[in-house]
1. Between residue 107 and residue 6, what's the calculated FRET efficiency when r is the beta-carbon distance and R0 is 25 Å? Round to 0.05.
2. So how much slack lies between residue 39 and residue 229, counting 0.36 nm per residue of separation and subtracting their Cα-Cα distance, in nm?
3. Could you give the angle, 0 to 90 degrees to the nearest 10, between helix 91-116's Cα long axis and the longest principal axis of the Cα atoms of the chain?
4. Pick from 150, 46, 275: which residue has the top mean-square fluctuation in a GNM of the chain where Cα pairs under 10 Å get a spring?
5. If a/c stays under 1.5 just call it rounded; otherwise compare a/b with b/c (prolate if a/b is bigger, oblate if not). Do that for the stretch 170-218, with a ≥ b ≥ c from the square roots of the Cα gyration tensor eigenvalues.
6. Quick one: angle between helix 46-70 and the longest Cα principal axis of the chain, in degrees between 0 and 90, rounded to 10, please.
7. Restricting to Cα pairs below 8 Å that are 6+ residues apart, what does the relative contact order work out to for the chain? Please round to a whole percent.
8. Counting only helical runs of four or more DSSP H residues, what would the 222 nm mean residue ellipticity of the chain come to if each run contributes -39,500 (n - 2.57) and the total is spread over all its residues?
């Protein structure tokens with residue numbers, strides 16, 4: 001039982017469930033209703049969609065494992081109680097599980113691409129595996145490279161579904177064009193939200209992990225620029241996100257979508273303002289960990305807002 005719990009901790013089960021929730025809601029609350037209103041069928045049917053979720057989860061789990069594998073020394077300082085590699089799970093088994101999970105994810109992606117003709121799925125997921133490996137070895141220790149990569153991969157969780165419906169582009173059929181435009185527009189809105197919120201959280205985590213990163217020669221933002229400059233970087237993106245989400249609420253008010261507006265104000269905009277306020281008061285690792293957790297809750301609130309589209313589209 002101890003080994004099972006260690007494995008679940010190593011693959012970050014809550015984060016994997018977050019991926020499942022994101023893709024499930026985008027597919028069922030946005031893609032299917034939009035296509036159904038236009039009397040269209042999705043390129044990725046429900047069975048292949050389930051396989052795509054499994055592939056995404058396997059590749060992400062493999063990425064978490066390889067990250068822990070290369071971060072043993074740093075994690076012993078930053079989160080000594082959370083590291084299980086070389087304590088409960090041996091390094092050899094950690095590497096083996098990385099290859100098993102990532103290989104299985106790529107095989108499933110290949111099958112989905114073969115059935116749908118969307119070969120970008122297997123190619124992009126193979127690239128994701130490669131990038132996650134590179135992130136763990138080197139990129140996470142460099143200025144902004146790791147932050148941007150993780151943020152892009154967070155956005156890709158949504159875009160991989162969104163782009164599949166670009167196959168519906170048909171300039172001679174207005175129904176096809178309208179459905180595609182809706183899916184792509186909403187897909188890029190949520191992908192943009194995922195990118196910016198992830199970028200904010202990664203920068204906060206860099207400050208939180210400053211001690212261990214500095215000891216082992218990492219070149220992260222707070223190490224090269226300083227904590228104050230990193231705070232300014234985070235605050236700029238917080239302002240951007242607050243402004244964009246607020247503009248979206250103004251846009252939907254004429255449609256009388258009052259519940260989404262109230263939801264976004266209470267569970268996205270206000271918490272973002274709270275993060276901004278607390279950011280410049282934070283002084284300890286515990287403070288920054290709290291900010292990181294709050295940012296993740298905002299990301300969850302943003303993803304859960306997809307449910308409204310099931311009723312309003």
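Rule-based calculations on the coordinates, nothing more; no lab input. Please read all numbers here as calculations on a predicted model, not as lab measurements. Cβ atoms come from the backbone with ideal geometry, glycine included; neighbour counts cover every protein chain shown.
1. Working: r = 26 Å, r/R0 = 1.03.
Here the calculated transfer efficiency is 0.45.
2. Numbers: separation 190, 0.36 × 190 = 68.40 nm, distance 5.15 nm.
Here the answer is 63.2 nm.
3. Long axis of 91-116 versus the principal axis of the chain: about 10 degrees.
4. Comparing 150, 46, 275 in the GNM, the peak value goes to 46.
5. prolate
6. Around 20 degrees separate the two axes.
7. Numbers: 351 pairs, mean separation 65.3, N = 313.
Taking the mean separation of contacting Cα pairs over the length of the chain, I get 21 percent.
8. Mean residue ellipticity, 222 nm, calculated: -24500 deg cm²/dmol.
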